[in-house]
Amino acid sequence: CAAKAAQVLSEIAKNEEMKQPCIEAGLVPTLIPLLESTDQEMLLHAGRAIGRICYDNRNLQEELVKAGVIIPLVRILTDYAESEPLIHVDLLALCNLAELGTAKEALSKTKVAEQLVKQLRRAENHERLEIVFEVLQALAENDALKVQLVEAGVQEVLSEILLRLQGRSQAEDTCILKAASDLIVSLLLGEKYLLNGIFKTSPSERMQTVICSISFCSLGKHLPISHQDGNCVRMVQLGLIHQLLDLLEKHVESGDISVQHAALSALRNLAIPVVNKVQMLEEGVAERIQALLRSEMPPVQFKLLGTLRMLTDGHADAAEILGQDPMLLNRLVQWCNANDHSGVCGEANRLLASILRHNRSQEVVKAIQEAQGVKHLVSMTTSEHAAMQNEALNALAIASAIDLETLEESFKESQLVQSLHKLLQDDNTSPEVKYNSMGLLCSLLNSGDLRQEIEEDKIKETLEQLCSHSNANVVKEAVTTLQVLKGET
């Protein structure tokens, strides 16, 4: 009658109010030995009863682990892998216990990793995948279990799942994509040599999905900022950057665009935290990335430029390194003319502006002038995107403050003064762009020739009109610029 009694108990324990009487009656320790049975019906009902009685009760769960429940649970997973109802109950039990440190310790002494990877491979529906992922994510917090999971080939199964779900937009598919991505990143945040296990996923199509998941989680739109940065910093500390760069260099030769694109996306996201910029520069990442400049593929060029721009963002050292590299600057100027690929053209201009905005060196200003990059930044001030206009205006203002004499001739040739006047006159120009345009004008007034152009273009009248603008910042800057123009300050 034991199996039938266990079935009755599993039904009774569905009721929240009946859990405590079951506990007080001492039913849990009585049920545990039944998990040693070879009768599948007995295992099913006993497992359900224990799971329902102990659900959300940490003290009871700890008692279960101490009583040795882990061994029979792993045995069921091994011996009855084909029994869907039994495996479902077993996985739910593991899911409830896996958060416990004592359970992880006990599980690390079994072959649970191997069995879970098999179940992950067998899972045919979203519900089963979600349960297995939940167990795996909890186990991945334990270093010993991480190693076992990688040795069991979990990364290959994950990449197959990601590849299968690529391009799907249903909510349940997105949920699985997130879970698989989270798990890959959790594995990467373990011992350093685990990286090699992850990156042994050799076919390029599967490699692309793994790298994309790294990019997905390093960006971490679903995570708080502190977790995003924490993941990124840890992955850089573990040497992931150089693994990605090795892959990039290998696939530049083979021409595999998808892997290059995915790896550059990951690198860009990893370069967001300031501490990572410093480490990446110290390890020569900027130089290694520049070696990829020979790529002729626009999608790769676009991502490469975005990665370099993220590296320079807020970091003067990076700006000085990149801003004094003639090969890079010549390539940038070449891409600034890439009218057939507006994305590449825009990113090249933005990187030039970023180098100038974050640099504090006269040598960088001269190098960009010699590479004929200034005229592109002047053109950028008239972009249809206000963000790009402001980036260009700020870059030119900083460069002018550093070395106006070097830039003077280029400014006259590219008709910068006239462009700024049009921006100030245009009612559609945003207040921020008008404000930054006047800030640049103040810098230009330190040049006799440019001051003469400003006076001849009758910008004074436009500034006087802006003194009654609806935006207070614009009014304040217009007053200041007029004072500088009149020599009052």
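If you check Gly239 against the conditions, is it surrounded by fewer than 22 Cβ atoms within 10 Å (Cβ to Cβ), small (Gly, Ala, Ser), at pLDDT 70 or above and under 30 Å from Gln301 (Cβ atoms)? Spelling it out, Gly239 is indeed surrounded by fewer than 22 Cβ atoms within 10 Å (Cβ to Cβ), small (Gly, Ala, Ser), at pLDDT 70 or above and under 30 Å from Gln301 (Cβ atoms).
Of all residues in the stretch 126-149, which are of a type in the set (A, V, I, L, M) and within 18 Å of Ile87 (Cβ to Cβ)? Those that are of a type in the set (A, V, I, L, M) and within 18 Å of Ile87 (Cβ to Cβ): Leu129, Ile131, Val132, Val135, Leu136, Ala138, Leu139. Give the residue, chosen from Ala93, Ala106, Ala46, that is in contact (Cβ under 8 Å) with a residue 12 or more places away in the chain, of a type in the set (A, V, I, L, M), surrounded by fewer than 23 Cβ atoms within 10 Å (Cβ to Cβ) and out of contact with any strand residue (DSSP E or B) (no Cβ under 8 Å at 6 or more places or on another chain). Unique residue meeting the criteria: Ala106. Counting only residues that are within 10 Å of Val364 (Cα to Cα) and open to solvent by less than 40 Å² (accessible area, probe 1.4 Å), the stretch 310-324 holds 3 of them. Looking only at residues of the stretch 288-309 that are more than 21 Å from the chain's Cα centre (by Cα) and of a type in the set (Gly, Ala, Ser), we find that the one that is most open to solvent (accessible area, probe 1.4 Å) is Ala291. Farther than 17 Å from Met380 by Cα and touching a Pro at 6+ places or on another chain (Cβ under 9 Å): is that true of Asn471 in this structure? Here the answer is yes, as Asn471 does meet what is asked.
Being open to solvent by 10 Å² or more (accessible area, probe 1.4 Å), within 20 Å of Asn96 (Cα to Cα) and charged (D, E, K, R) is a property that holds for Arg128. On the given criteria, is Asn436 in a helix (DSSP H, G or I) and closer than 15 Å to Val474 by Cβ? Considered against the rule, which asks whether it is in a helix (DSSP H, G or I) and closer than 15 Å to Val474 by Cβ, Asn436 comes out as yes. Summed over the stretch 347-358, the residues that are of a type outside the set (A, V, I, L, M, F, W, C) and more than 22 Å from the chain's Cα centre (by Cα) give a count of 3. Across the stretch 337-378, what is the total count of residues that are in a helix (DSSP H, G or I) and open to solvent by less than 10 Å² (accessible area, probe 1.4 Å)? Number satisfying all stated conditions: 14. Among the residues that make up the stretch 293-314, is at least one of them out of contact with any His (no Cβ under 7 Å at 6 or more places or on another chain) and free of Cβ contacts under 8 Å to residues at least 24 places away in the same chain? Checked the stretch 293-314: at least one residue is out of contact with any His (no Cβ under 7 Å at 6 or more places or on another chain) and free of Cβ contacts under 8 Å to residues at least 24 places away in the same chain.
Count, please, the residues in the stretch 109-121 that happen to be touching a residue at least 12 places away in the same chain (Cβ under 8 Å) and either open to solvent by less than 20 Å² (accessible area, probe 1.4 Å) or within 26 Å of Asn59 (Cβ to Cβ) (or both). Quick ask: steps written out before the conclusion?
Kept after step one, since they are touching a residue at least 12 places away in the same chain (Cβ under 8 Å), are these residues of the stretch 109-121: 110-121.
In the following step, the residues that additionally are either open to solvent by less than 20 Å² (accessible area, probe 1.4 Å) or within 26 Å of Asn59 (Cβ to Cβ) (or both) were identified as 110, 112-113, 115-117, 119-120.
Residues in the stretch 109-121 being touching a residue at least 12 places away in the same chain (Cβ under 8 Å) and either open to solvent by less than 20 Å² (accessible area, probe 1.4 Å) or within 26 Å of Asn59 (Cβ to Cβ) (or both): 8 in total.
Among the residues of the stretch 299-308, not a single one is at pLDDT 80 or above, part of a loop (DSSP other than H, G, I, E, B) and closer than 30 Å to Gln362 by Cα.
Give the stretch 73-90 a look and list any residue that's out of contact with any Ser or Thr (no Cβ under 8 Å at 6 or more places or on another chain), in contact (Cβ under 8 Å) with a residue 40 or more places away in the chain and not small (Gly, Ala, Ser), or say none. So that I can check it myself, show each step before the final result.
First, pick out the residues of the stretch 73-90 that are out of contact with any Ser or Thr (no Cβ under 8 Å at 6 or more places or on another chain): 73, 75-90.
Add one more test, that the residue is in contact (Cβ under 8 Å) with a residue 40 or more places away in the chain, and what stays is 76-77, 80-81, 83, 85-86, 88-90.
Ile76, Leu77, Tyr80, Pro85, Leu86, His88, Val89, Asp90, listed by residue number.
Checking the structure you have, find out if any residue of the stretch 28-42 is open to solvent by less than 20 Å² (accessible area, probe 1.4 Å) and under 14 Å from Lys4 (Cα atoms). Break it down into steps so the answer makes sense when it comes.
Kept after step one, since they are open to solvent by less than 20 Å² (accessible area, probe 1.4 Å), are these residues of the stretch 28-42: 28, 31, 35.
Filter once more, keeping what is under 14 Å from Lys4 (Cα atoms): 31.
Yes, that holds for at least one residue.
Residue by residue, here is whether (1) buried (at least 21 other Cβ atoms within 10 Å of the Cβ); (2) under 40 Å from the mean Cα position of the chain (by Cα); (3) outside any loop (DSSP other than H, G, I, E, B); (4) of a type in the set (Asp, Glu) holds:
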{"position": "Leu404", "(1), (2), (3), (4)": "no, yes, yes, no"}
{"position": "Glu409", "(1), (2), (3), (4)": "no, no, yes, yes"}
{"position": "Leu420", "(1), (2), (3), (4)": "yes, yes, yes, no"}
{"position": "Asp427", "(1), (2), (3), (4)": "no, yes, no, yes"}
{"position": "Glu432", "(1), (2), (3), (4)": "no, yes, yes, yes"}
{"position": "Asp449", "(1), (2), (3), (4)": "no, no, yes, yes"}
{"position": "His469", "(1), (2), (3), (4)": "no, no, no, no"}
{"position": "Val484", "(1), (2), (3), (4)": "no, no, yes, no"}
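The values are calculated or read from the model by the stated rules, or taken from the named source; none is laboratory data. Quantities reported herein were computed from a predicted structural model and do not represent experimental measurements. In this analysis, Cβ positions are derived from the backbone assuming ideal geometry, glycine residues included, and neighbour counts consider all displayed protein chains. These area figures cover heavy atoms from the full protein model, side chains too; ligands, DNA and RNA do not enter into them. Shrake-Rupley method; radii C 1.70, N 1.55, O 1.52, S 1.80 Å.
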